[in-house]
1. Rank the residues A:F42, A:F186, A:F158 as a footprinting-exposure proxy: fewest other Cβ atoms within 10 Å of their Cβ go first.
2. Check region A:1-146 and count each lysine pair with an alpha-carbon distance under 18 angstrom, considering only pairs eight or more places apart or from different chains.
3. Can you tell which of A:A59, A:I118, A:V81 lies farthest toward the positive end of the dipole of region A:58-126, using +1 and -1 charges on the Cβ of basic and acidic side chains (Lys, Arg; Asp, Glu)?
4. Using the count of nearby Cβ atoms within 10 Å as a rough guide to exposure, how do B:L130, A:L30, B:L59 rank from fewest to most?
5. Sequence-distant or interchain residues sharing an amide H contact under 5 Å with B:V28, placed H: which?
6. Filter the GluC sites (Glu not before Pro) in region B:64-138 down to the DSSP loop ones having no more than 13 other Cβ atoms within 10 Å, then list what survives.
7. Please rank A:M1, A:M79, B:M1, fewest neighbouring Cβ atoms within 10 Å first, as an exposure proxy.
8. Round to a whole angstrom and tell me the spacing of the C-alpha centers of region B:18-57 and region A:32-86.
Amino acid sequence: MKMVITGHTWGIGKSLYNSFKSAEWEVVGLSRSNGYDIDKDFERVVEAATGADLFINNAYRDQQQTKLVNALKNKVTKMIVMGSVSRLYPELIHTDYVYDKQALAEACRLISIDPNGIDLLHLDLSFIEGQDPDPNKPTDFISDYNIQYEEIISAIDFWMSNPKIRQMEFRWKLTPFVYNQLKQAFPTFDSSRIQYESKN
Amino acid sequence: MLKVGITGTTRGLGKALHDHFVNKGCWVIAFNRGSDIVNGAIGCDLFINNTYGMQIDLLNQLYANVGKMIVMGSIVTDFPDVEMPEYTDRKSELEQRVLDLNSPNIVLLKLSSTAYNDSQIVINAIEYWLENPLVNVISFRAIGAPNR
């Protein structure tokens, strides 16, 4: 069985890469470090993932995740998509990141109403361990909890071990602490969309 | 001993959940038509808000008075074109209320009609959530013949 993952060199991507590898899957990691930038090398990424038994659509960059869903929805057997719970709070967070994750969720929803849609697991993640806030970024703050990698892996295990569930979504919650921090970081009166800094 | 309250236990998913928790050795309180649910459920470690029709009232009245709550939602809210406007509206309202409460002790299970009839999958999801309580929505969008 072959698994292909984007963004496999750090964070949850690295953890999943290692987890599948130790489970004796044939694992292919695609990252900028090995020449697979999901933006600049999009066609190469699609080519490398085509035919995979499982594609983990992990790396974020603008709308490239959504483009990968659409490009690969008929070319892989099943797909796991890393979304964000922030998409549910556009009133708090006016960033391109949120709108990109909304578009991603909609692409996943459309697959679930397609009778021929592939098996798909959509994970709306919240704060994850290993994401240290940048002190120079006013919109970064320390969360009062962080999802552990094991929690995400066990959600994936749940889906993989219940093959009758073809399409599924897990959504993590924002704690009241995080919600209030976001409210302070992104005042709702500010209608201008803040540029997501990682794009620049 | 875990004290579990469940609404709508005479058939279907509610009955399967009742049997599951009884077999696990829990103290299970079954609430059916005519039960004083609010007073009877106060103090439950786990309350399963299963029966359609009174879910929002029970959510509002009990979320602060039970340990954890599992709310049975529906995937119909993801598909607003489905011709069940009243049902869809009520399930959407329920889902929005869970989101607004943002409580660390509540999970919404969004079930399809197939999931309602496959209680083991729902039981597996509940057991997952009890181990991973920072998940607040688990949605079963499509269940069927596996491609895998």
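None of the figures in this text is laboratory data; all of them are computed from the coordinates on show. Since we're looking at a predicted model, the values are computed, not measured. Cβ coordinates were reconstructed from backbone atoms using ideal geometry, including for glycine residues, and neighbour counts include every protein chain displayed.
1. Ascending number of Cβ neighbours within 10 Å: A:F42, A:F186, A:F158.
2. Total qualifying Lys-Lys pairs in region A:1-146 comes to 11.
3. My answer, from the dipole projection, is A:I118.
4. Sorted ascending by nearby Cβ count, the order is B:L130, B:L59, A:L30.
5. Here B:V4 satisfy the definition.
6. B:E83
7. Exposure proxy ranking, most exposed first: B:M1, A:M1, A:M79.
8. If you average the Cα positions of each part, the centres end up 43 Å apart.
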